[in-house]
1. State whether one or more residues within the range 228-235 are modelled with pLDDT under 80, farther than 30 Å from LYS122 by Cβ, over 17 Å from the mean Cα position of the chain (by Cα) and not β-branched (Val, Ile, Thr).
2. Using the structure shown, decide if ILE172 is part of a strand (DSSP E or B), touching a Ser or Thr at 6+ places or on another chain (Cβ under 6 Å) and under 21 Å from LYS102 (Cβ atoms).
3. Looking at the range 14-64 only, could you name the residues that are at pLDDT 80 or above and not in a helix (DSSP H, G or I)?
4. Take the range 124-138 and flag every residue that is open to solvent by less than 40 Å² (accessible area, probe 1.4 Å) and farther than 22 Å from LYS166 by Cβ.
5. Taking the condition of being in a loop (DSSP other than H, G, I, E, B) and open to solvent by less than 10 Å² (accessible area, probe 1.4 Å), how many residues in the range 69-103 meet it?
6. Go through (1) at pLDDT below 85; (2) open to solvent by 70 Å² or more (accessible area, probe 1.4 Å) one by one and return the number of the condition THR9 breaks.
7. Kindly establish whether VAL204 is in contact with a helix residue (DSSP H, G or I) (Cβ under 7 Å, 6 or more places away or on another chain) and in a strand (DSSP E or B).
Amino acid sequence: MDTTQHPTTETSTMQSIADHDQSSARPTLAEFFRSSLSTVTNNETFKQVKTSLQQEAKTVKVLPDTFNNEFYETVFLFVLKKLDELIAIDIPKDILAEAWSKYKALQEYLDAEKYSPEKLFKVVLMLEQTIKAEYEPSFKPVVDVFGKTIELEEFKFPINLEIVVKAGEIGIQSGKIVNLSVGSCSITGNINCKYGEGIEGLLVQKEEPLELNQVYSFKEGIPIKTLEEITKSMQFWKQKTESESGESRS
């Protein structure tokens, strides 16, 4: 996860944060992509996967050929349902707050002598920020048919996100981000699908504004990362980028 711009901060002191968590009200990646995934049966990558599954079915010889088409389409729809569970990622907490927790500008809030753990500090993020995030959930289906176990290839779903946030504001207490709010937010994202050795392609792509019109509070809080943790994270993404770049050239 990375950001392309750093925020300008403006700090003020507020009262202590209430002990509650609004996780049930927070939007997730699953909700964002759900409508697009519902139409995936018309996607070219889906058709390639379905064809591959049908070819695998012929080697298993459990089902009649006339039934294979329907059965393996159902299998893939089951995989997509599992994907919906895997990407139930909390956008305000697990993406936005996690990204902001890595800002070097927030390091000073780790100083308990300067910033009392009993107080809540408001930090206004003045600039438009672009937050980039990547995920790769995976799932290996095992299906039982007529008493025979069929183990399929692993499905991988690389996800790329770019979130543009304007006029953000966070609350910090005891070295943790405990709440946030944003003026406006839009997401551009895509989910790709990898199956077996030869199938890889775009599954869905979506771009639209996201309504985040309230203050989102986090009971446990998101710890502000230390300089050492930030450095390790930057090194990880640098190595990952270089590795992917080398693979694309080979």
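1. yes
2. No, not satisfied.
3. Result: ARG26, PRO27, THR28, SER38, THR39, ASN43.
4. The one that is open to solvent by less than 40 Å² (accessible area, probe 1.4 Å) and farther than 22 Å from LYS166 by Cβ: PRO137.
5. 3
6. Of (1) at pLDDT below 85; (2) open to solvent by 70 Å² or more (accessible area, probe 1.4 Å), only one is false for THR9: (2).
7. yes
A quick yes/no check of all residues on (1) closer than 18 Å to ALA105 by Cα; (2) small (Gly, Ala, Ser):
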| residue | (1), (2) |
| --- | --- |
| SER138 | no, yes |
| VAL143 | no, no |
| THR149 | no, no |
| ILE159 | no, no |
| ILE170 | yes, no |
| SER174 | yes, yes |
| SER181 | no, yes |
| CYS193 | no, no |
| GLY201 | no, yes |
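The values are calculated or read from the model by the stated rules, or taken from the named source; none is laboratory data. A quick note: this is a predicted structure, and the numbers were derived from the prediction, not measured. Every residue, glycine among them, receives a Cβ derived from its backbone with ideal geometry; neighbour counts consider all protein chains shown. Heavy atoms of the whole protein, side chains included, go into the accessibility calculation; ligands, DNA and RNA do not. Shrake-Rupley method; radii C 1.70, N 1.55, O 1.52, S 1.80 Å.
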